[in-house]
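What follows is calculated from the coordinates using simple rules that are stated; it is not laboratory data. Please read these numbers as outputs of a predicted model, since none were measured by experiment. Glycine also receives a Cβ, built like all others from the backbone with ideal geometry; neighbour counts cover every protein chain displayed.
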């Protein structure tokens, strides 16, 4: 258990399944019940043996490490409303940014979805907003390293958004290596056009669209939001996304967890030496201007799939350009930290997303 707890402080080594870090960071309070029970049992037995002392120490350390994200989330939560209001304006979220009792809340209830073709054979799953029409619409782009994944990823957040009055369109987009860049960006443009053309029947406001992407989907969302003139988006939200693919290739390793240089060559048609134009057009950091839409970035400092520096560098570029934005850096978190909406990362994510959407889609 102490070893699992260490994943809230150090990146998962390459030989270990990185998803264990999600267990430690986002479900840690439940996992910590085991070392707490061991600690209580050893304390009750009150044996003075070396083994008992070591067991007490190990259980105490494990529990402390597994609870660490809760305390770190609490500290971030105290400053978060002020940061969001300063960047985007006032809003009235439906709950606090973090609450210990919410760690044990249930998942959002399932709601009906409508699947429709938006371009060629590409489909989207549409979640109608509850209690509001016309509603702002959040366009969600899945993760998967550009060569995998689908629009059904993490539907709990889509349901959560719909329950709060936001329509959601979760997209399928063309995957590499069969389709290379800018096919993925073009699919987003087609989806935006489709949603605007069918805004009336879908009950959405065509002037209030926001892109939301995770990992590879976040890269696509950022590149489309900053690099395609005329999309007229209200904002873009990117979670643990690579904003500079030249940077990613330069520091990627062929034997890293994702084999990231291979993924980039598949997406962009080769290495930077032969496909520089594709790398540049896919790198959102190169397309930021003062007119870029408001942006919300979230990234875990212990992410071993997409380097935290990617969001740090984009944060600085947005600051230099004067673009309204907030970058939330989670010190305990790895990739996919919002998998558990009730966990420390999930609570901060949903709070920030709800504030951002409320303020930018007024």
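Could you put 153, 354, 338 in order, starting from the residue whose Cβ has the fewest other Cβ atoms within 10 Å?
153, 354, 338
For the stretch 93-209, rounded, prolate or oblate, judged on the Cα gyration tensor with a ≥ b ≥ c (square roots of eigenvalues), a/c < 1.5 rounded, else prolate if a/b > b/c? Could you put the intermediate results ahead of the total?
Numbers: a/c = 2.30, a/b = 1.37, b/c = 1.68.
Cα axes put the stretch 93-209 in the oblate bin.
To the nearest Å, what is the center-to-center distance of the stretch 315-353 and the stretch 140-167, using C-alpha atoms only?
16
Measuring from a point 7 Å past the Cα of residue 105 along Cα-to-C-beta, which residues in the stretch 330-352 have an amide N at less than 11 Å?
Within reach of a label on residue 105, which here means backbone N under 11 Å from a point 7 Å along Cα→Cβ, the stretch 330-352 contributes 341-343, 347-348, 350-351.
What label, among (1) 32, 30, 19; (2) 36, 25, 18; (3) 28, 24, 21, belongs to semi-axes √(5λ) of the Cα gyration tensor in Å computed from the structure on display?
Computing semi-axes √(5λ) of the Cα gyration tensor in Å and matching it to (1) 32, 30, 19; (2) 36, 25, 18; (3) 28, 24, 21 gives (2).
Give, in nm to one decimal, the length gained when the segment between residue 78 and residue 148 is fully stretched (0.36 nm per residue of separation minus the Cα-Cα distance).
Answer, rounded to one decimal: 21.5 nm.
So the label point goes 7 Å from the Cα of residue 256 along Cα→C-beta, right? Which residues of the stretch 1-34 then have their backbone N under 12 Å from it?
The answer is none.
In nm, to one decimal, how far is the residue 15 label point from the residue 190 one, both placed 7 Å along Cα→Cβ?
4.5
When a footprinting reagent is the concern and you count Cβ atoms within 10 Å, what order do 137, 342 take, fewest first?
Numbers: 137 27, 342 19.
Result, fewest neighbours first: 342, 137.
Which FRET efficiency value, to the nearest 0.05, is calculated for residue 132 and residue 207 with the Förster distance at 22 angstrom and r the Cβ-Cβ distance? Please list the in-between numbers first.
Numbers: r = 15 Å, r/R0 = 0.66.
E(calc), rounded to 0.05, equals 0.90.
Only counting other Cβ atoms within 10 Å, I'd like 280, 244 sorted with the fewest neighbours first.
Values: 280 16, 244 24.
Sorted ascending by nearby Cβ count, the order is 280, 244.
What does a probe at residue 274 reach in the stretch 237-255, counting residues whose amide N is under 18 Å from the point 7 Å along Cα→Cβ?
246, 249-250, 254
For residue 329 and residue 95, compute 0.36 nm times the residue count separating them, minus their Cα-Cα distance, and round to one decimal in nm.
82.2 nm
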